Amino acid sequence: MTPMIERPLAILLRLEGLAAFAAGLAGYVLLADGWLLLAVLALAPDLAMAGYLFGPRAGALAYNAAHTYLGPALLAAAAWFLAPALLPAACVWVAHIGIDRALGYGLKSSAGFGITHLGRIGKAA
């Protein structure tokens with residue numbers, strides 16, 4: 001089980017998520033032409049929830065892999081050197097993770113979807 005995090009820390013982590021959302025969105029606006037790519041990719045990381053079809057451990061692993069900043073950082077680095085057109089996608093990914101964190105959706109525990117590194121969510125709260 002995950003211990004409850006202190007309220008000031010939870011607020012700080014949510015504000016950090018809001019800042020990441022704003023940075024990702026700003027990067028997207030600066031790099032992309034139009035809103036179509038944002039609309040198409042906005043919820044793409046949530047497709048990783050399909051991992052829960054194979055149980056809570058696989059689900060948490062898949063969800064967490066798609067909801068850490070490592071993925072978009074690697075995509076941005078690869079885009080920078082190989083395919084700059086992918087940079088807006090990395091920005092959308094950062095924005096997605098950021099808004100999730102701002103709303104309290106953290107990395108998942110294999111003990112249950114509602115148990116996150118930001119505290120409990122949903123029925124687990």
Please enumerate the residues belonging to segment 101-119 that are farther than 19 Å from Pro8 by Cα and polar (S, T, N, Q). Ser109, Ser110
Please enumerate the residues belonging to segment 3-38 that are of a type in the set (Asp, Glu) and touching a residue at least 12 places away in the same chain (Cβ under 8 Å). Glu16
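Would you check if there is a residue in segment 21-43 being over 26 Å from Ala85 (Cβ atoms) and outside any loop (DSSP other than H, G, I, E, B)?
no
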Here are the criteria: (1) part of a helix (DSSP H, G or I); (2) at pLDDT 95 or above. Tell me which single one Leu12 does not satisfy. (2)
I need the full set of residues from segment 42-74 which are aromatic (Phe, Trp, Tyr), over 20 Å from Ala22 (Cβ atoms) and either surrounded by fewer than 17 Cβ atoms within 10 Å (Cβ to Cβ) or modelled with pLDDT under 95 (or both), in order please. Tyr52, Phe54
Restricted to segment 107-125, and to residues that are of a type in the set (Gly, Ala, Ser) and in a helix (DSSP H, G or I), which residue is modelled with the lowest pLDDT? Ala124
Going by the structure shown, is Ala83 of a type outside the set (Asp, Glu) and exposed (fewer than 15 other Cβ atoms within 10 Å of the Cβ)? yes
Check whether at least one residue in segment 73-87 is hydrophobic (A, V, I, L, M, F, W, C), touching a helix residue (DSSP H, G or I) at 6+ places or on another chain (Cβ under 9 Å) and touching a residue at least 24 places away in the same chain (Cβ under 8 Å), and report yes or no. yes
Find the helices (runs of 4 or more DSSP H) located wholly in segment 55-106 whose residues include 3 or more that are under 14 Å from Gly27 (Cα atoms), and list them. 70-81, 87-102
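The values are calculated or read from the model by the stated rules, or taken from the named source; none is laboratory data. All values derive from a computational prediction rather than experimental measurement. All Cβ positions, even for glycine, are placed from backbone atoms using ideal geometry, and neighbour counts span all protein chains on display.
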